[in-house]
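Here's the structure we're looking at; comments come further down.
The values are calculated or read from the model by the stated rules, or taken from the named source; none is laboratory data. Being a predicted model, the structure only gives us computed values, none of them experimental. Cβ placement follows ideal geometry from the backbone for every residue including glycine, while neighbour counts extend to all protein chains displayed. We work out accessible area using only protein heavy atoms, side chains counted, and drop any ligands, DNA or RNA first. Shrake-Rupley method; radii C 1.70, N 1.55, O 1.52, S 1.80 Å.
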Amino acid sequence: MGSSDIRIPIQFSSTFSSSTSNVSGGSNMIEQEVGDQSDADDDDYDDIEEGLAVNDEKLVQKVDTIVDILQNFGSNGPEAKLKLEQCDVPASSELVVEVLSRVRNDWAAAFTFFLWAGKQPGYTHSVREYHSMISILGKMRKFDTAWALIDEMRGGKTGPSLVTPQTLLIMIRKYCAVHDVGKAINTFYALKRFKFTIGIEEFQDLLCALCRYKNVEDAEHLLFCNEKVFPFNTKSFNIVLNGWCNMIVNLREAKRFWREMGRREIARDAVSYSSMISCYSKASNLNDVLKLFNQMKELGIAPDKKVYNAVIYALAKGKLVKEACNLLKTMEEKGFKPDVVTYNSLIKPLCKARRIDEARLAFDEMLQRGLSPSIRTYHAFFSILRTGEEVFELLGKMKKTGCPPTNDTYIMLIRKFCRWRQIENVFKLWNEMGENGLSPDRSSYIVLVHGLFLNGKLEEASKYYEEMKEKGFLPEPKTDEMLQAWVTSKQIAVPQKVDLKDNQVHHCHCPLIKNTSTSSNASVHERDFRKQPETRKVTREKGFSFWEH
């Protein structure tokens, strides 16, 4: 297939426009797709509520007003606070949820807004708003502040408590995300202090959180150590098996744990088989995929939709597209209706193999069935685009079909444009993120900074890296080293200017060089609470903490 044949792979047949208009919802569902290796830092498992499907134009205007005020909070926090106090926007639950979703990656702006909203007449934070704010704080490692909000939710000795098991589960997940397994486990046992029961379901939630963020070895150890308290069952083992298969994607460990299930006589079900089949398919081991699939039938274990999706993915990845399509028909005959995950299991490997026509046909068939493409459907097609025009065309189609781009979409495309050395398009995407209500996260900044640096845009890279740290994101060691090397070489290359009167040497200004002559500014920096670790005294008991009164 020549390059002329793949000029615009996103120009699908007329069914694109006719079918998508009748499709609604579904595109924002959290998918655990076969063939997609999960990333522990993405937002798929986030507890921050996604932006609401807001149809009220007045509410949209109010949200935009608040977000505009908070847009440049990092560079001018006091002015933003003043503008919030002066604005006439009344607080409401819908407003708070939407604003927090929009500014989730700037914890200081989000927390300032949250505190402001809580003081407005006629409004009181509900559990939903507290959970969104706690999740933002946890993601930015402001755990003491998050616990202070949980303490506030308890309502004192007289008021009703708003704390739920979900509140503590958010904290467990955030500790797992930063691999602080000890505090995650301590928070799990803190359920008792809040007078919640700790049963097998709560234990499985802990295992899920550990595995989701790749702490699978710890989850397995915890599972085996608690046999007497939480008796073994298939679901608990499936959680850890799925961790090895789909989070870590370690076939050797997955096979070891699979044998361990057999040794301990833990019954394997369709979920167990789907995890192993998925792992084998990611390892391009089609023979073992088919062997397990046939073994299921021999043992009388009926394949579920996830198993079919996993095998379809493996067949398509192994270039057996006809067989994959036949299995899709068999799946339907067995009473399992193909969904967007099923079609993504076809489309992604086809795109990766650059079998564009077949990927298009699968896409068109999906639309004819009334299925809405998911973010991963579009990501598969983005991976094969070759020009900036095609990229922006597909971005436009995403918005029209009700599947707006996410931070991950922009990260993928910024990388692509940086490789193509199309810096104008990089900045165009960066600006478009804000226009679409997305605030850049740490990963977005690091990808942008690296891309600019590798394209020789060193001043811009330095500026955005400083902006990233200004927002409270943790510095990235490799980026620090990279930019510091540039700063050092620049300092050596630029001639030093000597004042003969007082023999003082003046260096060029650079945001990464600390200048001892600006001690007054340094003291201001030290007073900036957003740039300092939390130092307020806390009472710590059994692994969690509260502000000292």
Q: On the full set of protein chains, 1.4 Å probe, figure out the accessible area of S439 and give it in Å² to the nearest 10.
A: 20 Å²
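Please find the FRET efficiency linking S93 to F392, where r is the Cβ-Cβ separation and R0 is fixed at 30 Å, and quote it to the nearest 0.05.
Here the calculated transfer efficiency is 0.25.
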Q) If one computes the Cα centroid of the range 441-487 and of the range 131-171, what distance in Å separates the two points? A) 32 Å
Q: May I ask for the net charge around G262, where only other residues with Cβ less than 13 Å from the Cβ of G262 are counted and Lys, Arg are +1 while Asp, Glu are -1?
A: +4
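Pairs to check: K291/K319; K62/K469; K305/K397; K83/K174; K139/K235; K62/K397. Give those whose C-alpha atoms are more than 20 Å from each other in this structure.
Distance filter (> 20 Å) returns K62/K469; K305/K397; K83/K174; K139/K235; K62/K397.
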**Q.** Surface accessible to a 1.4 Å probe, per residue, for the residues of the range 409-491, Å²
**A.** 46 Å²
Q: Give me the percent of the accessible area of the range 297-409 that comes from carbon and sulfur atoms, probe 1.4 Å, all protein chains in place.
A: 53 percent
Q: For the range 409-491, calculate the relative contact order in percent as a whole number, restricting contacts to Cα pairs under 8 Å that are 6 or more residues apart.
A: 26 percent
**Q.** Alpha-carbon centroids, the range 253-327 and the range 59-124: separation in whole Å
**A.** 49 Å
Q. Cross-link partners among lysines for K399, C-alpha distance below 17 Å, same-chain residues fewer than 8 apart left out?
A. K428
Q) How much length, in nm to one decimal, is gained on full extension between D180 and E333, taken as 0.36 nm per residue of separation minus their Cα-Cα distance? A) 50.4 nm
Q: Summarise the accessible area of the range 80-128 (1.4 Å probe, protein heavy atoms) by the percent that is carbon and sulfur.
A: 53 percent
(Q) Counting heavy atoms of the protein chains only and a 1.4 Å probe, report the per residue accessible area for the range 63-201 as a whole number of Å². (A) 42 Å²
